[in-house]
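**Q** What follows is a structure written as structure tokens; I'll ask about it next.
Every read-out reported here was derived from the displayed coordinates using simple, explicitly stated rules and does not represent laboratory data. Because the structure is a prediction, the values reported are computed rather than measured. Note: ideal-geometry Cβ built from the backbone for every residue, glycine included; neighbour counts use all protein chains shown.
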């Protein structure tokens, strides 16, 4: 994670859950989708890389009730401070690179059964090397799940933000190819979550720079972008959009 990106998450840590919780059902449905995709069982050794405040990890743990704590890995101390005290969650300051190098491991020294990276892969500079390293940390039945937005998204952002996001975001097929190159059985599938949000609340999200891509803009550029948003949605007090996500999975090949 680069220095400006770290500053972004440190800045919004205290309000992160409020900014990113469109509604409780959204979090519940999303967490269940990840639980199903990883086929988690209570005995699995699990790491959630880039867990942030644990907004989704908490829900995963509530459903899974793991036999050992999920390792909640994040480079932002401010984000990890928001993690609730729970026997199911263990905060671990660190980056994906640390886990890939074997510097972060389950307390018993065994390999990981499942590694989750939700909406953080775009912050990893050398993705192929990190994904190869994560693959080496997996058990014989291990799996990796990378949850990420596609390059083109349907969020009601202003055009410059869409353009910048598309320029910065990796393609899911690139991630799948890296997992396959690392020796995993890789696939890409998509999930859609329907979002309903008040226009005034979405203005607040934009003003708060809730997405890291919004930190790419100066105050005046952001103000102009918000003005464009207001004009585009002036007749829509409630905004609805589809949140499409790629679920890129990699499984250790049998034998």
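**Q** If the elastic network links every pair of Cα atoms under 10 Å, which of 22, 233, 56 fluctuates the most in the Gaussian network model of the chain?
**A** Checking each option, the largest mean-square fluctuation is seen for 233.
**Q** GNM, the chain, Cα, under 10 Å: largest mean-square fluctuation among 152, 180, 161?
**A** 152
**Q** Taking 35 Å as R0, compute the FRET efficiency from the Cβ-Cβ separation of residue 253 and residue 28 and round it to 0.05.
**A** Calculated value: 0.60.
**Q** Let me have the 222 nm mean residue ellipticity of the chain computed from DSSP H runs of 4+ only, each contributing -39500 (n - 2.57), with the sum over all residues rounded to the nearest 500.
**A** Computed ellipticity for the chain at 222 nm equals -11500 deg cm²/dmol.
**Q** Could you give the nm distance between label points at residue 167 and residue 223, where each point is 7 Å from its Cα heading toward the beta carbon?
**A** My value for the distance between the label points is 2.3 nm.
**Q** Give, in nm to one decimal, the length gained when the segment between residue 108 and residue 189 is fully stretched (0.36 nm per residue of separation minus the Cα-Cα distance).
**A** 25.9 nm
**Q** Segment 180-209 to segment 1-67: how many Å between their Cα centroids?
**A** Computed from Cα coordinates, the inter-centre distance equals 13 Å.
**Q** Tell me, 108, 98 in order of fewest to most beta-carbon neighbours within 10 Å?
**A** 108, 98
**Q** Under 20 Å from a label point 7 Å along Cα→Cβ of residue 43: give me every residue in segment 113-134 with its amide N that close.
**A** Under cut-off, by backbone N: 113-115.
**Q** Same structure, new question: PRE reach from residue 36 (point 7 Å along Cα→Cβ): which of segment 117-135 fall under 20 Å by backbone N?
**A** It comes to 117-119, nothing else.
**Q** For the chain, modelled as a Gaussian network with Cα springs under 10 Å, which listed residue fluctuates most, 197, 49, 73?
**A** 197
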